[in-house]
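Have a look at the structure below before the remarks.
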Protein chains: 2
Amino acid sequence: MTEPRSVPEPGALVVGVGGSLAGRTSGYEKRLGDMGGVYRDQAAYEALLAELGGDHVVYRVEEHRCAEGPGALTIGTSTLLPGRVGEEFAVTRGHLHAVPDRAELYHCLSGHGLLLLETLDGRSEAYELAPGRAVHVPGHWVHRSVNTGDEPLVTLFCYNTDAGQDYGLIERAGGMKSLVVADGDGWTLRPNPDHRGYPVEVVA
Amino acid sequence: MTEPRSVPEPGALVVGVGGSLAGRTSGYEKRLGDMGGVYRDQAAYEALLAELGGDHVVYRVEEHRCAEGPGALTIGTSTLLPGRVGEEFAVTRGHLHAVPDRAELYHCLSGHGLLLLETLDGRSEAYELAPGRAVHVPGHWVHRSVNTGDEPLVTLFCYNTDAGQDYGLIERAGGMKSLVVADGDGWTLRPNPDHRGYPVEVVA
């Protein structure tokens, strides 16, 4: 019996609260050496690089895709290891979707942290991530995960595959508008003096 | 300060494994009286209706939407109560997306059951739902949840808001191709003799 080419195979997945994703179709790891320019404190970053090496894994993504086209989803897990670079807590690079109106779900499975969300016209918001908490990120919001805890921050995510990611936007803006920094035993938001604003022409 | 109209507000959600969704924007309940024609055993359905009443809740959906348009998502929880109608286990009505290429995520938070998936050209598959198991349903698959356990079956779902739902397709086909029926202490799939095939012209 021939398989109809237009009907993709469903995916049976097993999602571990530690970030495993049995049934995944792809994945990648980000290493400390990939994070140059992400943190403000260049000296602290260089010191950590010397201590842990550029191959040290800082976060990993597992994902499942089964189709292409406008209706297709990418479903996966993100595991952001805990740590600090100078005063700043560990972050993912962060992105705006290349197709900016595309939304995304982040559902926290374990760990503690924040989803930092910023609009191109200057709003900055932090949403708590803890087991059971989820954030519905609409289109047009730049977003990044931040691990403010002592254990891996694991989220289940879901977004339209055709959304894509613009990872360069934050770098071109001099970083996100807000930094998440240590404050006693907790965290606080501090304005990033290097932030130059996002290029508003991207809004379309 | 005026809010830019083009940027929707994010949603901060708290997802309970029992199906609660703090931060929801809408929701609905399906009652036993809404399920006429869904189960094969009409006498068993009528008897249950007489016993429990038409207002008896059989499943509920909580959801969050924050935008319209092609990139918008609907995120929510589905809670399907346990039960049987004759030999058949409790089911949701089931649907194909009105825009048939739209995909959907179901991530089981509690309970035990199946996601029953069928293509318009005659494939029928059952995927296990149990805590931590997820199913990535690509476009073009008719799908329905089935509770084969003794407690509520709770799933987190995520799909494109513009997908819509065709709830009439299954009824027009005489029911889904497979029935999920009791088999000792467990369940088994049995061909539905009333199933006439799906109208293939819907494929597009």
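The values are calculated or read from the model by the stated rules, or taken from the named source; none is laboratory data. Quick caveat, the model's predicted, so the values are computed rather than measured. Please note: Cβ atoms are built from the backbone with ideal geometry, for glycine as well, and neighbour counts cover all protein chains shown. Ligands, DNA and RNA are excluded from the accessible area calculation, which covers all protein heavy atoms including side chains. Shrake-Rupley method; radii C 1.70, N 1.55, O 1.52, S 1.80 Å.
Every condition in (1) in contact with a helix residue (DSSP H, G or I) (Cβ under 6 Å, 6 or more places away or on another chain); (2) in contact (Cβ under 8 Å) with a residue 60 or more places away in the chain is met by A:Ala67 except one, and the failing one is (1).
No other residue among A:Asp194, A:Asp166, A:Asp183 is charged (D, E, K, R) and touching a strand residue (DSSP E or B) at 6+ places or on another chain (Cβ under 8 Å) apart from A:Asp166.
Being among the β-branched types (Val, Ile, Thr), at the interface with chain A (Cβ under 9 Å from one of its Cβ atoms) and closer than 27 Å to A:Gly139 by Cα, is that true of even one residue in region B:135-157? The answer is yes, given that some residue of region B:135-157 is among the β-branched types (Val, Ile, Thr), at the interface with chain A (Cβ under 9 Å from one of its Cβ atoms) and closer than 27 Å to A:Gly139 by Cα.
Has region B:94-111 got at least one residue that is among the charged types (D, E, K, R), farther than 17 Å from A:Pro70 by Cα and touching a residue at least 12 places away in the same chain (Cβ under 8 Å)? Within region B:94-111, none of the residues are among the charged types (D, E, K, R), farther than 17 Å from A:Pro70 by Cα and touching a residue at least 12 places away in the same chain (Cβ under 8 Å). A single entry from A:Asp194, A:Asp162 fulfils the requirement of being at pLDDT 95 or above and either assigned to a loop (DSSP other than H, G, I, E, B) or within 15 Å of the chain's Cα centre (by Cα) (or both): A:Asp194. Would you pick out the residues in region A:111-148 that are small (Gly, Ala, Ser) and surrounded by fewer than 19 Cβ atoms within 10 Å (Cβ to Cβ)? Once the filter is applied, which keeps residues that are small (Gly, Ala, Ser) and surrounded by fewer than 19 Cβ atoms within 10 Å (Cβ to Cβ), region A:111-148 yields A:Gly122, A:Ser124, A:Ala126, A:Ala130, A:Gly132.
Regarding B:Ala173, is this residue open to solvent by less than 20 Å² (accessible area, probe 1.4 Å) and without any contact (Cβ under 8 Å) to a residue 60 or more places away in the chain? Yes: the conditions hold for B:Ala173.
The residues on offer are B:Leu156, B:Leu179, B:Leu189, and the sole one that is open to solvent by 40 Å² or more (accessible area, probe 1.4 Å) and assigned to a strand (DSSP E or B) is B:Leu189. Applying the criterion of being more than 20 Å from B:Val200 (Cβ to Cβ) and facing chain A (nearest Cβ under 8 Å) to the residues of region B:93-110, the residue that is surrounded by the fewest Cβ atoms within 10 Å (Cβ to Cβ) is B:Glu104. Inclusion of B:Asp162 among residues that are touching a residue at least 24 places away in the same chain (Cβ under 8 Å), of a type in the set (Asp, Glu) and closer than 30 Å to A:Thr74 by Cβ is warranted. Residues in region B:3-36 that are open to solvent by less than 20 Å² (accessible area, probe 1.4 Å), part of a loop (DSSP other than H, G, I, E, B) and more than 10 Å from chain A (Cβ to nearest Cβ): B:Gly19 alone. Going by what's in this entry, would B:Val146 be described as of a type in the set (Val, Ile, Thr), over 25 Å from A:Pro70 (Cβ atoms) and in a strand (DSSP E or B)? So B:Val146 passes the test. If you go through region B:36-70 and keep only what is among the charged types (D, E, K, R) and at pLDDT below 95, you end up with just B:Glu68.
Looking only at region A:67-84, residues that are within 7 Å of chain B (Cβ to nearest Cβ) and touching a Phe, Trp or Tyr at 6+ places or on another chain (Cβ under 8 Å) come to 2 in all. How many of the residues making up region B:37-59 are open to solvent by 70 Å² or more (accessible area, probe 1.4 Å), among the hydrophobic types (A, V, I, L, M, F, W, C) and in contact with a helix residue (DSSP H, G or I) (Cβ under 8 Å, 6 or more places away or on another chain)? Summing the residues that are open to solvent by 70 Å² or more (accessible area, probe 1.4 Å), among the hydrophobic types (A, V, I, L, M, F, W, C) and in contact with a helix residue (DSSP H, G or I) (Cβ under 8 Å, 6 or more places away or on another chain) in region B:37-59 gives 1.
Going by the conditions given, is B:Ala90 open to solvent by less than 20 Å² (accessible area, probe 1.4 Å), closer than 22 Å to B:Gly27 by Cα, in contact with a His (Cβ under 7 Å, 6 or more places away or on another chain) and not hydroxyl-bearing (Ser, Thr, Tyr)? No.
Is region B:43-62 home to any residue that is within 14 Å of chain A (Cβ to nearest Cβ) and under 23 Å from A:Val15 (Cβ atoms)? So far as region B:43-62 goes, yes, one or more of its residues are within 14 Å of chain A (Cβ to nearest Cβ) and under 23 Å from A:Val15 (Cβ atoms).
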